[in-house]
1. I'm trying to understand the selection: among the residues of the range 193-223, which are in a helix (DSSP H, G or I) and over 21 Å from the mean Cα position of the chain (by Cα)?
2. Keeping to the range 58-83, report how many residues are in contact (Cβ under 8 Å) with a residue 60 or more places away in the chain and within 14 Å of the chain's Cα centre (by Cα).
3. Taking into account only those residues within the range 31-61 that are touching a helix residue (DSSP H, G or I) at 6+ places or on another chain (Cβ under 8 Å) and assigned to a loop (DSSP other than H, G, I, E, B), which is farthest from residue 11 (Cα to Cα)?
4. Taking the conditions exactly as written (within 15 Å of the chain's Cα centre (by Cα) and over 18 Å from residue 219 (Cβ atoms)), does residue 171 satisfy them or not?
5. Give the range 2-57 a look and list any residue that's touching a residue at least 12 places away in the same chain (Cβ under 8 Å), surrounded by fewer than 19 Cβ atoms within 10 Å (Cβ to Cβ) and on the phi > 0 side of the Ramachandran plot, or say none.
6. Among the residues of the range 145-155, are any over 20 Å from the mean Cα position of the chain (by Cα) and surrounded by fewer than 16 Cβ atoms within 10 Å (Cβ to Cβ)?
């Protein structure tokens, strides 16, 4: 399965938290998984005057975590964490990333989270649509990914359309998440929350661990042969 996948994240650890197990499954099946994120971790400090050190440390941890999962390319666009918002620059960067990596599928945030994740949900979904337009030529040639999926980070994804069995890759996801020592300082025992959530999803489909996705139909699916409707 030689496919390209693009994961768009607001912050350095979001992709690992949300779909670390799915990333492992995709890589094992021969996919090239590319992850881009915006926030640079500049708010992840717990002592005064710790901002600059936190940025360097958090970024280094992110590189190690994504390498462990087998991600082909990992990019951080160095936006301040609280600056991850809907604006011209972030929207154009989403379009540029889609055109650069030419993914078969895109995976990104859902709206039912706090404002930075909420904003990225709209940015990435709309960029999926507009990246296929013949415009903004400086961002690369038009490209439309076949499908777009939303993921959950801190809050439960309402009415997921897909539950993916990640029982065989989940422990590696936890190892990757534990590379984020910086995140552990301000998120606490997140690893146990991830395990509990994956067990909950897994129980719905009769497996040990699962991760949830919700497919977007913002871009309608084309049906040329009526048989494809079935």
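1. Our first condition is that a residue be in a helix (DSSP H, G or I); within the range 193-223, this holds for 193-205.
Once the filter is applied, which keeps residues that are in a helix (DSSP H, G or I) and over 21 Å from the mean Cα position of the chain (by Cα), the range 193-223 yields 203, 204, 205.
2. So the first thing to find is which residues in the range 58-83 are in contact (Cβ under 8 Å) with a residue 60 or more places away in the chain, and the list is 58, 61-62, 64-66, 68-69, 76, 81.
Going one step further and asking which of them are within 14 Å of the chain's Cα centre (by Cα), we end up with 62, 65-66, 69, 76.
The number of residues fulfilling the criteria is 5.
3. This residue is 46.
4. Numbers: within 15 Å of the chain's Cα centre (by Cα): no; over 18 Å from residue 219 (Cβ atoms): yes.
Spelling it out, it is not the case that residue 171 is within 15 Å of the chain's Cα centre (by Cα) and over 18 Å from residue 219 (Cβ atoms).
5. Selection gives 30 alone.
6. First, pick out the residues of the range 145-155 that are over 20 Å from the mean Cα position of the chain (by Cα): none.
Checked the range 145-155: no residue is over 20 Å from the mean Cα position of the chain (by Cα) and surrounded by fewer than 16 Cβ atoms within 10 Å (Cβ to Cβ).
Every residue, every condition in (1) farther than 26 Å from residue 98 by Cα; (2) in contact (Cβ under 8 Å) with a residue 60 or more places away in the chain; (3) surrounded by fewer than 20 Cβ atoms within 10 Å (Cβ to Cβ), yes or no:
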{"position": "128", "(1), (2), (3)": "no, yes, no"}
{"position": "163", "(1), (2), (3)": "no, no, yes"}
{"position": "167", "(1), (2), (3)": "yes, no, yes"}
{"position": "176", "(1), (2), (3)": "no, yes, no"}
{"position": "211", "(1), (2), (3)": "no, yes, no"}
{"position": "217", "(1), (2), (3)": "no, no, yes"}
{"position": "221", "(1), (2), (3)": "no, no, yes"}
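A short reminder: the numbers here are calculations on the coordinates, not readings from a lab. Keep in mind it's a predicted model, so treat the numbers as computed, not measured. Heads up, the Cβs are rebuilt from the backbone with ideal geometry, glycines too, and the neighbour counts pull from every protein chain shown.
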